[in-house]
1. Go through (1) under 19 Å from Ile75 (Cα atoms); (2) at pLDDT 85 or above; (3) touching a Phe, Trp or Tyr at 6+ places or on another chain (Cβ under 7 Å) one by one and return the number of the condition Gln204 breaks.
2. May I ask you to say which residue of Ser119, Ser135 is of a type in the set (Gly, Ala, Ser), over 26 Å from Pro211 (Cβ atoms) and under 21 Å from the mean Cα position of the chain (by Cα)?
3. Taking Lys40 as meeting all but one of (1) touching a helix residue (DSSP H, G or I) at 6+ places or on another chain (Cβ under 7 Å); (2) loosely packed, with under 13 Cβ neighbours inside 10 Å; (3) charged (D, E, K, R), write down the number of the exception.
4. Right, Asp197: at pLDDT below 85 and either surrounded by fewer than 15 Cβ atoms within 10 Å (Cβ to Cβ) or farther than 24 Å from Leu96 by Cα (or both) or not?
5. In the stretch 105-147, which residues are of a type in the set (Gly, Ala, Ser) and either touching a residue at least 24 places away in the same chain (Cβ under 8 Å) or touching a Ser or Thr at 6+ places or on another chain (Cβ under 9 Å) (or both)?
6. Looking at this structure, is Phe48 assigned to a helix (DSSP H, G or I) and outside the structural domain of Thr184 (by TED's automatic domain parsing)?
7. I need the full set of residues from the stretch 260-285 which are small (Gly, Ala, Ser) and surrounded by 19 or more Cβ atoms within 10 Å (Cβ to Cβ), in order please.
Amino acid sequence: MRIPQRVRELPLHLMLLPGLLFVLVFSYGPMVGIAMAFQKFSVTKGLFGSDWIGMDNFRYVFSLPNTAGVIRNTILIAVMKMVAGLIAPIAMSLLLNEVRLRSFKRIVQTVVYLPHFLSWVILSGILLDVLSPTSGLLNDALASVGIPRVNFLGNERWFPFVLVGTDVWKEFGFGTIVYLAALTGINPALYEAAVMDGASRWQQTLRITLPGILPVVVLMSTLSLGNILNAGFDQVFNLYGPVVYSTGDILDTYVYRLGLVDFQFGVATAVGLFKSAVSLLLIASSYGLAYRFANYRIF
């Protein structure tokens with residue numbers, strides 16, 4: 001007797017059940033709290049007893065003098081991270097692709113990939129020591145060549161660039177592996193034909209390598225567009241301080257202080273909802289642009 005397909009696939013559907021429950025409980029369940037964005041939330045009255053105030057929380061938060069600066073910082077830092085996080089792994093993968101000593105290549109891959117597995121709590125402790133204005137290794141090196149010491153984590157001008165640089169250092173190893181995998185998919189016959197035509201290594205890179213990995217570049221760029229309002233809470237929270245709020249404060253840390261420090265839960269929820277709505281629009285737009293200009297599809 002032939003077993004129906006839905007019966008044969010039942011074990012596969014059951015395997016999805018734990019993941020589905022996890023998403024429902026921890027992703028969709030908390031969305032009930034979105035109601036706080038439209039309430040004058042009171043801990044004593046609870047979610048269903050607090051007074052409804054419509055859009056007042058949104059009007060209030062956008063009337064605050066710091067909000068415009070926080071949004072500007074978030075977009076600026078996120079865009080710089082996106083650009084640097086795209087260029088660095090592509091350059092590294094192209095360089096590693098030219099290495100013929102496989103053992104050295106593997107060692108370098110391991111070294112650059114290692115920071116990806118470390119949390120920002122650990123890395124922030126390391127960076128605080130390395131970038132210390134009095135005893136940090138970087139400032140000691142600058143002082144040894146006659147350059148004045150710089151308080152990288154306490155200087156408004158330098159802090160955004162420290163965020164971008166340390167983020168690239170942590171994550172570019174992962175992107176490098178992605179692009180190295182894409183490079184293996186390029187037909188070697190194209191390089192052989194280019195050599196016979198007299199093309200240099202640089203010309204081969206421009207005419208064959210870069211066009212060959214373009215779909216992956218488009219994919220990574222598209223995925224990163226959805227994070228344009230996500231400048232990295234873990235990193236900023238562990239590295240910033242009040243002295244660099246003017247250039248280092250982002251939406252996520254702003255929400256943290258409004259909600260958990262100032263106990264303005266409704267206002268903090270309104271900021272978080274605004275961020276989520278804009279991110280959704282950006283993700284949808286980015287996939288549409290990727291399909292239109294690069295013929296990229298997610299299925």
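The values are calculated or read from the model by the stated rules, or taken from the named source; none is laboratory data. If you're wondering where the values come from, they're calculated on a predicted model, not measured in any experiment. When we count neighbours, we look across all protein chains shown, and the Cβ atoms used for this are built from the backbone with ideal geometry, even at glycine.
1. (1)
2. Working: Ser135 fails: under 21 Å from the mean Cα position of the chain (by Cα).
Step by step, each of Ser119, Ser135 is checked, and only Ser119 is of a type in the set (Gly, Ala, Ser), over 26 Å from Pro211 (Cβ atoms) and under 21 Å from the mean Cα position of the chain (by Cα).
3. Going through (1) touching a helix residue (DSSP H, G or I) at 6+ places or on another chain (Cβ under 7 Å); (2) loosely packed, with under 13 Cβ neighbours inside 10 Å; (3) charged (D, E, K, R) one by one, Lys40 breaks only (2).
4. On the way: at pLDDT below 85: yes; either surrounded by fewer than 15 Cβ atoms within 10 Å (Cβ to Cβ) or farther than 24 Å from Leu96 by Cα (or both): yes.
Yes: the conditions hold for Asp197.
5. Taking the stretch 105-147 and keeping what is of a type in the set (Gly, Ala, Ser), we get 119, 124-125, 132, 135-136, 141, 143-144, 146.
Passing the criteria: Ser119, Ser124.
6. On the way: assigned to a helix (DSSP H, G or I): no; outside the structural domain of Thr184 (by TED's automatic domain parsing): yes.
Answer is no for this residue.
7. So in the stretch 260-285, the residues small (Gly, Ala, Ser) come out as 266, 268, 270, 272, 276-277, 279, 284-285.
Gly266, Ala268, Ala270, Gly272 - these are the residues of the stretch 260-285 that are small (Gly, Ala, Ser) and surrounded by 19 or more Cβ atoms within 10 Å (Cβ to Cβ).
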